[in-house]
Amino acid sequence: MSLNTVQPETPIYVTGAGQGGGPAVNVYSGIDNSVLASFFAFESSFTGGVQTAVADVNYDGISDVIVGAGPGGGPRVIVYNGATNFTTTLFDFFAFSSSFTGGVDVAGGDFNADGFADIVVGAGPGGGPQVNIFDGRTGNVLTQFYAYDQSFRGGVTVAVGDVDGSSFNSVITGAGAGGGPNVRTFRNSRFFDIDAARILPGNQSISMNQTSSFFAYETSYTGGVQVAVGLNSGTPFGGFYRILTGTLTAGPEVTVWEAMTSEEMTTMDTPDIIFEKVADFFAFDSTQTTGVRVGSVAVSNGSDFLAATGSGTSTVVKRFSLLPGAS
């Protein structure tokens, strides 16, 4: 299954079915965990699983749901309109060649300063670690890049958030199975390069520069890393988004990472930002070997951390506080 990360102003969270069952998506209230909507993301016969994300793609102030097909189907991405209770679509497209069947991971956030959340798609296992960003207003490709060496075939997971205090979104990537547990961050260099033409709202061309790289687990772990973000500490505490990671396989270990930045680093074109681990724990029984999916949901003073069982058609979700001193 997949578990998305949500926007603070729209406290909902979304789960997508894992491989083996129908492509079910459930939308939950971030306030009381009640089910707000349920639907099939794709044809009912598709059993490859569903990846999910939440973002305001059409800039109407209401969160929309982005879904990506898991392994077995084409690299299909659909955006469901939150204003119609997810009964109509805003986009429906293939993020990569239609012949690719390794599945995709999805995220959303604005990268060209027009208010529309752009759609971020990472290629699943079998393809290169390619990330494509599609404009939330036009659907055009804003940029494409490889998060890791092009020869790597384990796939890449993606998340979006201001994780370095720069006030601009970064793409956070996690290496899929077969590589080390490498997490990287990238942000639009055109916001920071003083020699480049300044980006205008809605610009249809962006350029992503790597700004950090670290290992979320022991380097011997090669089972893949899922990434998400959460507002640890909350704005009243001077907080910005932290990086959350979950294992794709093996024990359900979760780590939380905080950027160690200075004011100068947040405005540099290509800074080398250091992330420090601030939490490390097992969200479920440590003897389980199916990994853990991570996300967050907005609360009044930051975010709650969400953890979900890593595979299967039946999903168990746990909710944890990200506030300082919480256990």
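In the range 49-134, how does Rg compare with the Kirkwood Rh, expressed as the Rg/Rh ratio over alpha carbon atoms?
That ratio equals 0.98.
Placing +1 at every Lys and Arg Cβ and -1 at every Asp and Glu Cβ, with all other atoms neutral, what dipole size does the chain have around its Cα centre, in debye to the nearest 20?
680 debye
Which number comes out as Rg/Rh for the chain once both Rg and the Kirkwood Rh are worked out on C-alpha atoms?
Computed over Cα atoms, the ratio is 0.93.
Using the charge dipole of the chain (Lys, Arg: +1 at Cβ; Asp, Glu: -1 at Cβ; taken about the Cα centre), state which of Val120, Ala298, Thr309 has its Cα farthest towards the positive end.
Most positive-ward Cα: Thr309.
With +1 assigned to the C-beta of every Lys and Arg and -1 to the C-beta of every Asp and Glu, and no other charges, what is the dipole magnitude of the range 102-153 about the Cα centre in debye, to the nearest 20?
My answer is approximately 180 debye.
Using a 7 Å offset from the Cα along the Cα-to-Cβ direction at both Ser29 and Asp285, what is the distance between the two label points in nm, to one decimal?
3.2 nm
At 222 nm, what value in deg cm²/dmol follows for the chain if DSSP H runs of at least 4 each add -39500 (n - 2.57) and the sum is divided by all its residues, to the nearest 500?
When only DSSP H runs of four or more count, the value is 0 deg cm²/dmol.
Under a Cβ-only charge scheme (Lys and Arg +1, Asp and Glu -1), can you give me the dipole magnitude of the range 34-189 about the Cα centre, in debye to the nearest 20?
440 debye
Among Gly246, Tyr59, Pro271, whose Cα projects farthest towards the positive end of the dipole of the chain, with charges put on the beta-carbon of Lys, Arg (+1) and Asp, Glu (-1)?
Towards the positive end, the residue furthest out is Gly246.
Here, each number is a calculation from the coordinates, and none is a lab measurement. This is a predicted model, so every value here is computed, not measured. Note that we place each Cβ from the backbone using ideal geometry, even for glycine, and neighbour counts take in every protein chain shown.
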